[in-house]
């Protein structure tokens, strides 16, 4: 009986010793978690704060990837590539917001952090102002689908066919086969003309004036003939001639026609002008030019 009591006391002592040892290890672990690194008088961060911050960012990363997969699941491949670039930029913005919010929640003064880096942030903000404008404009282009690859656009008097749309710039090829690089922020500050958003068909015109006394019905017939003989002009809708005005020295007409490639509109316009000049010469119809009568008076001494 006595031996049994001694054994029980020994077991209890061993159990208490183990608990004390475990408690000591846990306490040391807690002490490690509570170790602080003082960056300055107002900013201090502990090991536990770092672990919490890393955990939150990891969870946010998983959530963002899930959202990205759901959004891009049914997007066309071209739009998916553009959205991937947008996602890359905004992912870091969200990480920054989570980073600051987490610091604030664990007791670190975000105001102090921002104040310590205020000068740096102002410099970076001024340097990247135009860049962010371009990026935001690129997002708007992606969302509202105002411009697509292959569209013919006109901005600031420059015309080009879009060959590539990036987050910061849009690249287009002009009629002269020159690459036009357009910063996307210009879409916010200038009027953009999309020649082909309603389709590839566009209405073009050629204006001409004839001398007073000319047969206007014959002029109309010749203009329609010139359009009909040009292979790049579509038959439907039919070309139309407008008698636009009685000018100072000419009767003014406008030939309106339709083509299916406005990017090459200069070619049929030039061909039609050549035909009009030839037909006018064959039918003795003259194209006047401005004339002025100058009267000279001699002053008698």
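The values are calculated or read from the model by the stated rules, or taken from the named source; none is laboratory data. On a predicted model such as this, the values are computed, not experimentally measured, just so you know. Note: ideal-geometry Cβ built from the backbone for every residue, glycine included; neighbour counts use all protein chains shown.
Within the bounds of region 264-284, is there any residue that is outside any helix (DSSP H, G or I) and surrounded by fewer than 12 Cβ atoms within 10 Å (Cβ to Cβ)? Break it down into steps so the answer makes sense when it comes.
Initial filter on region 264-284 (outside any helix (DSSP H, G or I)): 265, 283-284.
Filter once more, keeping what is surrounded by fewer than 12 Cβ atoms within 10 Å (Cβ to Cβ): 284.
Yes.
Which residue, of 162, 149, is part of a loop (DSSP other than H, G, I, E, B), at pLDDT 80 or above and farther than 25 Å from residue 57 by Cα? Even if it seems obvious, please write down each step before you answer.
Numbers: 162 fails: part of a loop (DSSP other than H, G, I, E, B).
Sole residue among the options that is part of a loop (DSSP other than H, G, I, E, B), at pLDDT 80 or above and farther than 25 Å from residue 57 by Cα: 149.
Of these, 199, 209, which one is surrounded by fewer than 14 Cβ atoms within 10 Å (Cβ to Cβ) and either in the same structural domain as residue 253 (by TED's automatic domain parsing) or out of contact with any strand residue (DSSP E or B) (no Cβ under 6 Å at 6 or more places or on another chain) (or both)? Let's see the steps before the verdict.
Numbers: 209 fails: surrounded by fewer than 14 Cβ atoms within 10 Å (Cβ to Cβ).
Exactly one of 199, 209 is surrounded by fewer than 14 Cβ atoms within 10 Å (Cβ to Cβ) and either in the same structural domain as residue 253 (by TED's automatic domain parsing) or out of contact with any strand residue (DSSP E or B) (no Cβ under 6 Å at 6 or more places or on another chain) (or both), namely 199.
Give me the residue from region 261-271 that is touching a strand residue (DSSP E or B) at 6+ places or on another chain (Cβ under 8 Å) and more than 15 Å from residue 225 (Cα to Cα) and, out of that set, modelled with the highest pLDDT. Before you say what the answer is, go through the steps one by one.
The first filter runs over region 261-271 and keeps only residues touching a strand residue (DSSP E or B) at 6+ places or on another chain (Cβ under 8 Å), leaving 262-263, 265, 268-269.
Cutting the leftovers down to more than 15 Å from residue 225 (Cα to Cα) gives us 262-263, 265.
Working: 262: 77, 263: 77, 265: 82.
My answer is 265.
Checking the structure you have, find out if any residue of region 244-260 is in contact with a strand residue (DSSP E or B) (Cβ under 6 Å, 6 or more places away or on another chain), in contact (Cβ under 8 Å) with a residue 60 or more places away in the chain and surrounded by 13 or more Cβ atoms within 10 Å (Cβ to Cβ).
no
Could you grab me the full set of residues in region 165-188 that are in a strand (DSSP E or B) and free of Cβ contacts under 8 Å to residues at least 60 places away in the same chain?
First, pick out the residues of region 165-188 that are in a strand (DSSP E or B): 165, 169-173, 179-183.
Passing the criteria: 169, 170, 171, 172, 173, 179, 180, 181, 182, 183.
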